[in-house]
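Okay, structure first, notes after.
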Amino acid sequence: MKKILHFFRAEKFTNDFVNFIIENSCYEHTFWVYGENYLNYPLSYLKNENVKYFPRIEIKLNKNSTEQQLCMYDLIFYHGVFEKYIIDYFCLHQFLLKKLVLYFWGGDIPLLGGWKEKLKKKYIIKHAVAVITIILEDYESLKELYFPKGCYFNLQYYSDEQSDFMNKTIETGDLKKDSINIQIGNSATTTNDHIPILNMLEKFKKENIKIYVPLSYGDMNYAEQVIEHGKKIFGNKFIPLQQFMPLEKYYIFLKTIDIAIFNMCRQQALGNIFALLSTGCKVYLHPEGKLIDYLEKINFIVFRTNQIDNMSKEEFVMFSKEQRIYNKKMACEIFDKEKYIRNWEEAFEVLLNKVGN
């Protein structure tokens, strides 16, 4: 049987992806999961014999036996192209590039670091057998920066829990709420651009609103700046979410949101956005961001953050029942499990044939 290895950070969606692939793929998959923050997320995948956990993957890469182990695999997937030491390893072992597949998450696309780091990243991206992005718009950026020679796939991660949540929202009516609940961003990262949005919303501070801001991971110094600014404008109507929520609890929270604002330019928080669209939430996105292009191309009804400045409270909130139902149905159609399985298996088959020739 063909053998596929995945390098994968311990992240909030690691559990779902590992279980999805192991349960649904006809190939043999092994996961090298790494990172010291794994305790923040679901851990059931660690019980699987196909999963090996390394708090510090650089230690594993420095072992002499690692090269021999990597040679045993037909394909190597590197998910989230962030780590300097993994990039360094493949630059030193260039013969592995013929089986290396790079899956980009969005924030890993820009060139960062010194000139040596940039050259190394350019080299492995250009010569990897394939690259994958979550949305097609990210591949356009990759082509401009790196000129990849390998084949391209557009693939997304699947979550049974998220799919179940989204399907259930079709069956349930709208919740009764005592305020207009607004969510800004998905994490404590500057790409969320929280402060300009808070400034835009200041004109509504006397209205019956609550502003929720997820800040449980990312840059905690930046989180404190956002909290200070939000509290100064909105007082107790500003509610920072500083503790990581289990997925089930987070989905319950998302059902309470009426309006969600994601002012990032790059691809980020797509899982959040799909879940919110499935609840009938009104979603605002950056007018020049990649997400609004992507979501409008697949026919969702979304709005632009630069419209907020000129909106009355009624215009800002207005989202018809017909529009909500339409987005709900669209979101649930996107999360067709059989389609996800088919897309991933087809990609594995194409790539295995390519490296076998």
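What to note about this one:
- Selection of segment 78-103 for residues being part of a strand (DSSP E or B) and within 17 Å of the chain's Cα centre (by Cα) yields Y78, H79, L102, Y103.
- Count of segment 309-322 residues which are out of contact with any strand residue (DSSP E or B) (no Cβ under 7 Å at 6 or more places or on another chain), surrounded by 11 or more Cβ atoms within 10 Å (Cβ to Cβ) and in contact (Cβ under 8 Å) with a residue 40 or more places away in the chain: 2
- Complete set of residues in segment 255-303 that are small (G, A, S) and free of Cβ contacts under 8 Å to residues at least 40 places away in the same chain: G289
- Hey, I325 in contact with a His (Cβ under 7 Å, 6 or more places away or on another chain) and either farther than 25 Å from Y217 by Cα or in a helix (DSSP H, G or I) (or both) or not: no
- Test for E207: is it under 21 Å from T256 (Cα atoms), outside any helix (DSSP H, G or I) and touching a helix residue (DSSP H, G or I) at 6+ places or on another chain (Cβ under 7 Å): yes
- Test result for E49, more than 22 Å from the chain's Cα centre (by Cα), without any contact (Cβ under 8 Å) to a residue 60 or more places away in the chain and in a loop (DSSP other than H, G, I, E, B): yes
- Subset of segment 263-278 (residues that are of a type outside the set (V, I, T) and under 13 Å from the mean Cα position of the chain (by Cα)): M264, R266, Q267, Q268, A269, L270, G271, N272, F274, A275
- Of the residues making up segment 135-150, none is aliphatic (A, V, I, L, M), modelled with pLDDT of 95 or more, outside any helix (DSSP H, G or I) and not assigned by TED's automatic domain parsing to the domain that holds L247.
Matching residues to (1) in contact with a Lys or Arg (Cβ under 6 Å, 6 or more places away or on another chain); (2) among the hydrophobic types (A, V, I, L, M, F, W, C):
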site: Y53; (1), (2): no, no
site: I57; (1), (2): no, yes
site: N62; (1), (2): no, no
site: F77; (1), (2): no, yes
site: F82; (1), (2): no, yes
site: C91; (1), (2): yes, yes
site: F95; (1), (2): no, yes
site: K99; (1), (2): no, no
site: W115; (1), (2): no, yes
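- Residue check, Q183 more than 23 Å from I76 (Cβ to Cβ), at pLDDT 90 or above and surrounded by 14 or more Cβ atoms within 10 Å (Cβ to Cβ): yes
- L112 meets all of the listed conditions (1) in a helix (DSSP H, G or I); (2) of a type in the set (A, V, I, L, M, F, W, C); (3) farther than 27 Å from D16 by Cα but one, namely (1).
- Scanning segment 85-101 for residues that are touching a residue at least 40 places away in the same chain (Cβ under 8 Å) and either crowded, with 22+ Cβ neighbours inside 10 Å or within 22 Å of N353 (Cβ to Cβ) (or both) yields a count of 3.
- One residue from V302, V283 being buried (at least 19 other Cβ atoms within 10 Å of the Cβ), among the β-branched types (V, I, T) and at pLDDT 95 or above: V283
- Check on N272, more than 23 Å from N167 (Cα to Cα), assigned by TED's automatic domain parsing to the domain that holds I325 and of a type in the set (S, T, N, Q): no
The values are calculated or read from the model by the stated rules, or taken from the named source; none is laboratory data. These figures come from a predicted structure and were not determined experimentally. All Cβ positions, even for glycine, are placed from backbone atoms using ideal geometry, and neighbour counts span all protein chains on display.
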